[in-house]
Amino acid sequence: MIRIGIIGAGTMANYHARILSQEPDAQIVAVASTSPERARALAESVGAQVEESPRGLLQRDDLEAVVVATPTPYHREYVELAASAGLHVFCEKPLARTLEDGEAMVDAVTKAGVKLGVGHVVRWFPEYYQARELVQQGALGTVGTVRTIRVNAFPRGTRNWYADYGLSGGVILDMSIHDIDWLLWTFGPVRRVYAQLTSDSPERMVGMVSLRHESGAISYVEGSWAHMGFATSLEVAGSEALLTTDSASTRPLELQLKRPEGERPAVEVPVRMPARRGPYEEQDHAWVRWLLGGPEPRCSGQDALASLRVGLAALESAQRDVPVTL
């Protein structure tokens, strides 16, 4: 049984608390937040105690792990304190707001000998996982271009922190980083980044990022907080096939195969759905199993640091209006 504390009481903290409270090998012991009222409500919903502050929670002697689901700039402080207390950590994405903070966090958990999981949950979405498998198996041939789109309404967090670009990093660092992480996982390291933002206001921000991978593939990432609702799409073009999927469609992955005679039959690839759990449940379950001696989850601290590095390069490119070489 892994005894867990939750730091934060917003949307993602509630997600993780609810999921982990249903894990047979996990127990939510305490919750702490800078909002006592929200912390109390969350704690009551999962049968946990309330701590007056995150620091107080991290000083408890009855915890083995913590979930850090706070605004991004506070990740480093709580992860470092957790590591120094010998606690394993699950940290929401993005790993940090600056590369310096991200590197310090990975260094802290490494030195302390504790485990760090990071919430790049797209790796657990079945259509994205299976798309990666098809790429890795060579079903598409040599991949030339990739296009991802992820749009949503502007998120409303505590004290509207998403609207502060200095805190959230805007749509690229907070939302498009999901796709950046999946692209790095699937197509490998990035050599060059170019990005543009259509607005200085995060509430109307659309970000467009172009990535040139060392493999030769070119990825185009579009993210928007200017829409009315959530939607995603993925398109991977290879020398032998075109793979597409769209959250607005009820169809699974579609693989359009190249044929010598010029035909383009579309093959629907059934997406293998988890028997009991959704992507967030699979992610949190994998973290708990890892803490109990199971295999390492799909996203490590080093993976999250690599995604952060590319996301920050995109912000630099958009600010300077020049390509950034990594």
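Take the residues in the range 212-250 that are among the β-branched types (Val, Ile, Thr) and touching a helix residue (DSSP H, G or I) at 6+ places or on another chain (Cβ under 7 Å); name whichever of them is modelled with the lowest pLDDT.
Ranking the qualifying residues of the range 212-250, first place goes to Thr245.
Just the residues that are among the small types (Gly, Ala, Ser) and within 17 Å of Glu235 (Cα to Cα), please, taken from the range 156-183.
If the condition is that a residue be among the small types (Gly, Ala, Ser) and within 17 Å of Glu235 (Cα to Cα), then Ser176 is the only one that fits.
Check whether at least one residue in the range 60-73 is within 24 Å of the chain's Cα centre (by Cα), at pLDDT 95 or above and assigned to a helix (DSSP H, G or I), and report yes or no.
Yes, some residue in the range 60-73 is within 24 Å of the chain's Cα centre (by Cα), at pLDDT 95 or above and assigned to a helix (DSSP H, G or I).
Tally up the residues in the range 139-163 that are of a type in the set (Ser, Thr, Tyr) and farther than 30 Å from His213 by Cα, please.
1
Any idea which residue in the range 74-124 is farthest from Ser300 (Cα to Cα), counting only those that are of a type in the set (Lys, Arg) and touching a strand residue (DSSP E or B) at 6+ places or on another chain (Cβ under 7 Å)?
Per the stated criteria, the residue is Lys93.
With (1) at pLDDT 95 or above; (2) closer than 21 Å to Glu92 by Cα; (3) surrounded by 11 or more Cβ atoms within 10 Å (Cβ to Cβ); (4) not hydroxyl-bearing (Ser, Thr, Tyr) as the list, and Gly278 as the residue in question, which single condition is left unmet?
Checking Gly278 against (1) at pLDDT 95 or above; (2) closer than 21 Å to Glu92 by Cα; (3) surrounded by 11 or more Cβ atoms within 10 Å (Cβ to Cβ); (4) not hydroxyl-bearing (Ser, Thr, Tyr), the one that fails is (1).
So the check is Cβ under 6 Å with 6+ separation or different chains; which pairs have a first residue in the range 76-98 that's small (Gly, Ala, Ser) and a second one that's assigned to a loop (DSSP other than H, G, I, E, B)?
Ala83/Val114
The values are calculated or read from the model by the stated rules, or taken from the named source; none is laboratory data. Not measured: the values here are computed from a predicted model. Neighbour counts are summed over all protein chains in view; Cβ atoms, including those assigned to glycine, are modelled from backbone coordinates with ideal geometry.
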